[in-house]
Each structure stands twice: as C-alpha cells, then as structure tokens.
Amino acid sequence: MLNKKSEAGLTIIVIVIIVALFLGWIINLNQRECISNKDCGSEAYCGSDFSCHSFPTIQKTVVQYNFLVPSIMIGIAIIIAAIIFRWNQIRPQEETKQAVEPAYDSTIKAPEEVEEIIEPYYKGNKDVKTP
C-alpha cells in the first residue's frame, strides 16, 4: 500500500506542473499584440517580439550628373586634334625656300659617262650540271 500512495502523489505533482505550464503558455499567447502582419494596421508589421511596428521611412537620394562641361571639353580636344593633324592642308606653308645654285669650282670634275655593262652581274658556274 505504501507504493500506491507515493505513485498518486507523484502523479498529482506531474499533473500540476503540466497544468501550470499550459496556463503560462496561454497567458503568453494572450499578452501578444499580434501574431501575423494581418493583426497590425496597413502601415505596420508584426515584429519578432509579437508587437506591431511602423514601417521605417527610407529616403532615397537622387544624384543627377551633369555631363555638359566634360562633353564640351572633349569636343574642343577633338577639334584641336583634328586641326593639328590637318595643319598642313589648312594653312599651306609659304614657299620661302630659295634655290641654292652651287658655286662653280674648278676642282670639281664633271661627271663622266660610263660604258654600259652587257654581261650579267652574276656569272654562274657553267661546269656544274643541274638535274
């Protein structure tokens, strides 16, 4: 008989612990403000702490680039390069060169005519036979 009383007491303690845990779980569920995003308003969301939070406002900075000045600089550079490459055609050089006639010197000999060579420059070996 002694064993049956101890089993009944242990069973009652286990049941009380289970009921206490169940009641704590139900109280925890009731203290939650939201379970999903549907429980919050249209401008809020349900966080991991089960409370509604408003959406953060994110400001986007719009950067506008102005390429007018660089494009003008590149255009001017292209025009200058074209002028440099076509300078001789755009502005022809004035002919200021004077024809220099050599002064006659008695020590310089006049060129002599040379006889025409009839023989070929390369003479092959006539004794060698090719196949």
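The values are calculated or read from the model by the stated rules, or taken from the named source; none is laboratory data. None of these values were measured; they are calculated from a predicted model. All Cβ positions, even for glycine, are placed from backbone atoms using ideal geometry, and neighbour counts span all protein chains on display.
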Subset of region 39-72 that is in contact with a strand residue (DSSP E or B) (Cβ under 8 Å, 6 or more places away or on another chain) and outside any loop (DSSP other than H, G, I, E, B) - its residue that is surrounded by the fewest Cβ atoms within 10 Å (Cβ to Cβ): S54
Flag if N28 is over 45 Å from the mean Cα position of the chain (by Cα), exposed (fewer than 10 other Cβ atoms within 10 Å of the Cβ) and either at pLDDT 85 or above or not in a loop (DSSP other than H, G, I, E, B) (or both): no
I35 - would you say it is modelled with pLDDT of 80 or more, β-branched (V, I, T) and within 22 Å of S54 (Cα to Cα)? yes
